[in-house]
Amino acid sequence: MTPRSIAIPKNLQTFSPSSFFSAFLYPTLGLGLLGTTIGLVIAFDNLAMNWSYLWFGLLTLVISIFVCNAGIGPLHRILQHQAGELQAPAQIITMINLFIAMQGNVKDWVNYHSQHHRFSDQPGDPHNPFESKRWAWVGWILFRDDRDMQRPMPLWLKRQPIIVWMDYFYNTIAVIMHAVMPAIIYYIVWVADGSLLLAAICHASFIIGRAIHFHATTYGINVLGHLKTPVWLDHVIGLLTGGEAFHDHHHDQPKSALHRHKNGIWNRIVDYNGTILLVYQRLGLVSNLKIAPQFLAPVPAKA
């Protein structure tokens, strides 16, 4: 089988404008908005800004990363690998978070990931880092094979009408989330005589946080997750991806709702996508949660 990085031509016919927008153009707009806002404050004395607004921006950035992971976690572990069953409210929450994360159609996401598990690190893997790290990072997103996009939605997803309906209207809902809703928020802030500067900084920070999450996911998991990396780097990428980057066990135990041991505060922090699912289980929003045996085994006492 010809490696995907070679088999898919890199031309305008295979180029995906929507993927380019979500991976590069939209983050650039976020950086531009933040830079323009700060530049205007510096240039014009009559524009009053409390510099604590930047702390609000940082908080918004962190929230953005968390929200995006709250979509990816249930998508990957439940909708993809069937490590449980999402109830209707959790399906809606997950899909809204995925629109914010700009992950594209669930149908295509699941089909690509299924190929990845079938041909992991071999020719046929959509993002094999041993062919090309750059391809595994963004190349496979920017250049698409029409046959991949024409694959039908997997049967286990077709049985979930909420997922099917929201996925069918993905583009429309994504435009509402990323264009219409921010415009409404700006209008409300203006009418309420609030700070448009604060609104702009938080908006830009939310976009930048989404971009950090996007590239931490594609590079941290598709590339670093399949290479030998230092433990400290695993934990940094783990925090940025909600624990998805802890990949050493995943291909052996893909149906696990947890990627780290269930016990231990640090485990539940770095694997907070799994923690979200545990909370969902407590709230009755997810059922039949499956956890790999090694993550439930008693932790050996230290000598």
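The values are calculated or read from the model by the stated rules, or taken from the named source; none is laboratory data. Keep in mind the model is a prediction, meaning the values are calculated, not measured. Please note: Cβ atoms are built from the backbone with ideal geometry, for glycine as well, and neighbour counts cover all protein chains shown.
Brief remarks on what is shown
- If only residues of the stretch 71-85 that are over 10 Å from the mean Cα position of the chain (by Cα) and not polar (S, T, N, Q) are counted, the one that is nearest to Ile100 (Cα to Cα) is Pro74.
- Of all residues making up the stretch 150-162, the number that are assigned to a helix (DSSP H, G or I) and touching a Lys or Arg at 6+ places or on another chain (Cβ under 9 Å): 1
- Those residues of the stretch 203-243 which are touching a Pro at 6+ places or on another chain (Cβ under 9 Å), of a type in the set (Gly, Ala, Ser) and farther than 29 Å from Gly35 by Cβ, in sequence order: Gly225
- Just one of the numbered conditions (1) surrounded by fewer than 12 Cβ atoms within 10 Å (Cβ to Cβ); (2) within 20 Å of Val67 (Cα to Cα); (3) touching a residue at least 40 places away in the same chain (Cβ under 8 Å) is not true of Asn288: (2).
- Looking across Ile78, Ile93, Ile65, one residue alone is over 30 Å from Gly139 (Cβ atoms) and at pLDDT 95 or above. It is Ile93.
- Breaking point among (1) surrounded by 14 or more Cβ atoms within 10 Å (Cβ to Cβ); (2) part of a helix (DSSP H, G or I); (3) free of Cβ contacts under 8 Å to residues at least 60 places away in the same chain; (4) not aromatic (Phe, Trp, Tyr), for Gln294: (1)
- Just one of (1) over 30 Å from Leu47 (Cβ atoms); (2) buried (at least 21 other Cβ atoms within 10 Å of the Cβ); (3) of a type in the set (Val, Ile, Thr); (4) out of contact with any Lys or Arg (no Cβ under 8 Å at 6 or more places or on another chain) fails for Ile201. It is (1).
- Residue count, the stretch 251-291 (criterion: in a loop (DSSP other than H, G, I, E, B) and of a type in the set (Ser, Thr, Tyr)): 1
- Taking the criterion of being free of Cβ contacts under 8 Å to residues at least 40 places away in the same chain and among the hydroxyl-bearing types (Ser, Thr, Tyr), the only residue of the stretch 264-285 that qualifies is Thr275.
- Residue check for Ala216: touching a Ser or Thr at 6+ places or on another chain (Cβ under 7 Å) and over 18 Å from Leu54 (Cα atoms): yes
So that you can scan it fast, the table gives a plain yes or no per residue for (1) at pLDDT below 95; (2) assigned to a helix (DSSP H, G or I); (3) of a type outside the set (A, V, I, L, M); (4) in contact with a Gly (Cβ under 8 Å, 6 or more places away or on another chain):
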| position | (1), (2), (3), (4) |
| --- | --- |
| Thr2 | yes, no, yes, no |
| Phe21 | no, yes, yes, no |
| Tyr26 | no, yes, yes, no |
| Gly30 | no, yes, yes, no |
| Leu33 | no, yes, no, no |
| Ile38 | yes, yes, no, no |
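- Flag for His117 being under 20 Å from the mean Cα position of the chain (by Cα) and either among the charged types (D, E, K, R) or surrounded by fewer than 14 Cβ atoms within 10 Å (Cβ to Cβ) (or both): yes
- Scanning the stretch 43-55 for residues that are within 22 Å of Phe206 (Cα to Cα) and part of a helix (DSSP H, G or I) yields a count of 3.
- Close pairs from the stretch 80-100: first assigned to a helix (DSSP H, G or I), partner hydroxyl-bearing (Ser, Thr, Tyr) and surrounded by fewer than 16 Cβ atoms within 10 Å (Cβ to Cβ), Cβ under 8 Å, at least 6 apart: Gln80/Ser114
- A search for C-beta distances below 9 Å between a residue of the stretch 162-190 that is free of Cβ contacts under 8 Å to residues at least 12 places away in the same chain and surrounded by 13 or more Cβ atoms within 10 Å (Cβ to Cβ) and any residue that is outside any helix (DSSP H, G or I) and among the small types (Gly, Ala, Ser), counting only pairs 6+ apart in sequence or on different chains, returns Val189/Ser195.
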